[in-house]
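Notes for the one structure printed next.
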2 protein chains.
Amino acid sequence: MTKLSENELKIMQILWDQGPSSVRDVHEKISEDKDSGYTTTLKLMQIMASKGIAVRDTSSRTHIYSAALSEQKTKKDLLSRFISSTFKGSSSSLVLQALGNGNTTQKELDEIKALISTIEKTNKK
Amino acid sequence: MTKLSENELKIMQILWDQGPSSVRDVHEKISEDKDSGYTTTLKLMQIMASKGIAVRDTSSRTHIYSAALSEQKTKKDLLSRFISSTFKGSSSSLVLQALGNGNTTQKELDEIKALISTIEKTNKK
DNA sequence: TTTGAATTACGAAGGGTTTCGTATAATATT
DNA sequence: AATATTATACGAAACCCTTCGTAATTCAAA
């Protein structure tokens, strides 16, 4: 059900990272990468509010927006959709592809190994 | 550079799986999941050809389409874009999320462990 | 040969996203 | 108080994707 456009996701991530923010806050962050007008960001955020994926506090002149979706849940959802559309539902083939990129540090590998051990223990039961 | 719409990816996957195919072939495969007209599939494939992501042989009446993008490269590309848009570029956090879903078999885990060993050996050098 | 079926070509409509210009309102500055 | 700055609201345009109807073409069958 969670379907986010590219910009919506970008804005969401900023709201997740920075917490409740004004349009200006978000726009400044966005402007680091991208070049578009303030009212564009405003409009996007208004639409997000109207869709219910963001909520806003309009009690003062400068409205404050917050994410209305949980970061965890949303990412899980996006990932599962991505896996099914691009890797035919096989999460392992995705993992193989992801790790194969060559830019994974030893620390990260250790984390993953630890997780695998945990999963294996659970599988045995 | 590789940007595929949802339907384009679906068609691409069919072309990868089945090799060079007619519109009818593709349409029949697509119709297993989805309900849309034959000319819709035709149009999509024509557009894909015009974009250069598919090529077609028009020597006989029934045109034969083939994928013009490599499956490997394309998926690698899509994945890296997905990781950067959704997981801030951290492939390990994606892997953790993916494995955390609980539907990974022992065999798959073994594959992943083997890959990790390989990576670790390479890292040491 | 005429009819019918399958194929491609094409245009247009509908939906969503992104972008921005302009208007209006609230606040700050001088 | 007058002016400038900052904010929201709104509509419209541009773009892309998806969908389909219709026409034109080719081929096969009756």
Debye, to nearest 20: dipole size of the stretch A:1-83, +1 on Lys, Arg Cβ, -1 on Asp, Glu Cβ: 320
Stretch gain in nm, segment A:R24-A:T118, where the contour uses 0.36 nm per residue and the Cα spacing is subtracted: 29.5 nm
Top of A:D35, A:D17, A:D110 by mean-square fluctuation, Gaussian network on chain A, Cα under 10 Å: A:D110
Dipole of the protein assembly as shown [Lys/Arg +1, Asp/Glu -1 at C-beta], most positive-end residue of A:I14, B:S93, B:L109: B:L109
Choice from A:L78, A:L109, A:L99 with maximal GNM fluctuation in chain A (Cα, 10 Å cutoff): A:L109
Ellipticity estimate at 222 nm from DSSP helix runs (n ≥ 4, -39,500 (n - 2.57)) divided over chain B, nearest 500: -20500 deg cm²/dmol
Inter-chain shielding of B:76-83 (mean C-beta neighbours from other protein chains, 10 Å cut-off): 4
For A:86-92, mean number of other protein chain Cβ atoms within 10 Å: 6
Within the stretch A:1-86, GluC sites (Glu not before Pro) in DSSP loop having at most 11 other beta-carbon neighbours inside 10 Å: A:E32
Taking A:D57, B:D33 and counting other C-beta atoms within 10 Å, the order from fewest to most: B:D33, A:D57
Most fluctuating residue given options B:L96, B:L115, B:L69, as computed from a GNM of chain B linking Cα atoms under 10 Å: B:L115
Estimated distance in nm for a label pair at A:L9 and B:W16, the labels positioned 7 Å out from Cα along Cα-to-Cβ: 1.7
For B:E32, label point 7 Å along C-beta direction: distances to other copies, nm: 4.5
Dipole axis of the stretch B:14-125 (+1 Lys, Arg; -1 Asp, Glu on Cβ), positive-most option in B:H27, B:S60, B:Q46: B:Q46
Nm distances between copies for B:I64, ranked from closest, using label points 7 Å along Cα→Cβ: 6.5
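Under 12 Å from the Cβ of A:K3, count the other residues' Cβ atoms, weight Lys and Arg +1, Asp and Glu -1, and hand me the total.
-2
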Distances in nm from B:L9 to the matching label points in the other copies, shortest first (labels 7 Å along Cα to Cβ): 0.9
Distance (nanometres) between label positions extended 7 Å along Cα→Cβ at A:K88 and B:S84: 2.8
Cα centroid of the stretch A:1-71 to Cα centroid of the stretch B:35-106, whole Å: 29
Flagged links, alpha-carbon separation over 20 Å, of B:K3/B:K43; A:K107/B:K125; B:K3/B:K51; A:K73/B:K29; A:K29/A:K76: A:K73/B:K29; A:K29/A:K76
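FYI, it's all coordinate maths here, none of it is from the lab. What you see is a predicted model, and the numbers here were worked out from it, not measured in a lab. Neighbour counts are summed over all protein chains in view; Cβ atoms, including those assigned to glycine, are modelled from backbone coordinates with ideal geometry.
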